[in-house]
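Derivation of every value follows stated rules applied to the coordinates shown; laboratory data play no part. Everything numeric here is computed off the predicted structure, so don't read it as measured data. Note that we place each Cβ from the backbone using ideal geometry, even for glycine, and neighbour counts take in every protein chain shown.
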Amino acid sequence: MIHRNAPLTPTGRLRLARCVVDDGWPLRRAAERSQVSHTTAARWAHRYRHHGAAGMTDRSSRPHHSPRRTPACVQDQILRMRREHHIGPLRLAARAAVAASTAHRILQRHGRPPLATLDRATGEPVRRYERSQPGELVHIDVKKLGRIPDGGGHKVLGRAAGRANQDRRNGTGYAYLHTALDDHSRLAYTENLPDEKAATCAAFLQRATDWFAARGVTVERVLTDNAWAYTKNTWRDTCRDLGISPRWTRPWRPQTNGKVERFHRTLLDEWAYQQPYTSEAERQAAFPDWLDWYNYHRPHTGISGHTPASRVTNLPEQHT
């Protein structure tokens, strides 16, 4: 990259060198014309004599020899620990007895991407994708959430009160949050249902499809995990009746359905656990407003700060 204050570009260097080498100009005269020093004019003339026009470009400033470079055995050790343990430069540096900046440069030199871009389980780069149009793919999943007993749970009354949810017979039980999330727009539809049985999931798909259709989105495919309810004929028959193609993630690969998994994490952080609630009814009463805010007003970092509704044709004009 040419420095912004550099008096010569590669074209100017070539013009200067040709004046000296081809036309026989004295070095000082050529230097004065190009407004550079005598030494600079001599350097470019020398390069032109030996390399021609190709020598007028900038060269790398990296030294030919680096006697103090980290030994190859230490570099191999750092790369091996990164591959086996999936840890960052700070922890690698402590184990290899080098500076954290040294470990960071070694990882960069060998093309190792940041941990944030890797799959936690496998250490492989995350392959991100996004459908080009709303409705091409809808992610569906269920989040099981412990209900809040009347009077408040552990956040209001203490940890002991929250143990009531662990009692399946006498406890307050669980809420099953069924979500359908559009891959392209991240537009989400969620219902709180009493279970995750096959009939319940199939009925939810029917209502979710109607909800998306009311907003101009035709669901073409749905992606689910391999839960029991999604592998039964009830689910397959409902997809067939709706003209939807069902898809399933690979076993033990929840990352494939990561968009709806990430939505559920946002849902927990910004609604379910955002404040202490005194009852399940109070928490559920706050959900429609939160979902409306998520779909229509909340900037989504996964789509460059836009709102999910802004990616669906004419949907912003339908909502006030």
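Residues Thr266, Thr11, Thr249, arranged from fewest to most other Cβ atoms within 10 angstrom of their Cβ, appear as Thr11, Thr266, Thr249. Considering only Arg59, Arg207, Arg265, the Gaussian network model of the chain with Cα springs below 10 Å gives its largest mean-square fluctuation to Arg59.
Between Ser310 and Arg15, the modelled label-to-label distance comes to 4.7 nm, taking each label 7 Å out from Cα in the direction of the beta carbon.
The GNM of the chain, with springs linking C-alpha atoms under 10 angstrom apart, assigns the highest mean-square fluctuation among Cys19, Cys73, Cys201 to Cys19. A convex hull fitted to the Cα coordinates of the range 189-320 yields 130 cubic angstrom per residue. Taking a ≥ b ≥ c as the square roots of the eigenvalues of the Cα gyration tensor, an a/c ratio below 1.5 marks the range 73-117 as rounded.
Highest mobility in the GNM of the chain, judged by mean-square fluctuation with C-alpha springs under 10 Å and restricted to Arg47, Arg250, Arg128, is found for Arg47. Per residue, the convex hull spanned by the alpha carbons of the chain comes to 257 Å³.
Computed from the Cβ-Cβ distance with R0 of 25 Å, the FRET efficiency linking Ser101 to Glu124 stands at 0.45.
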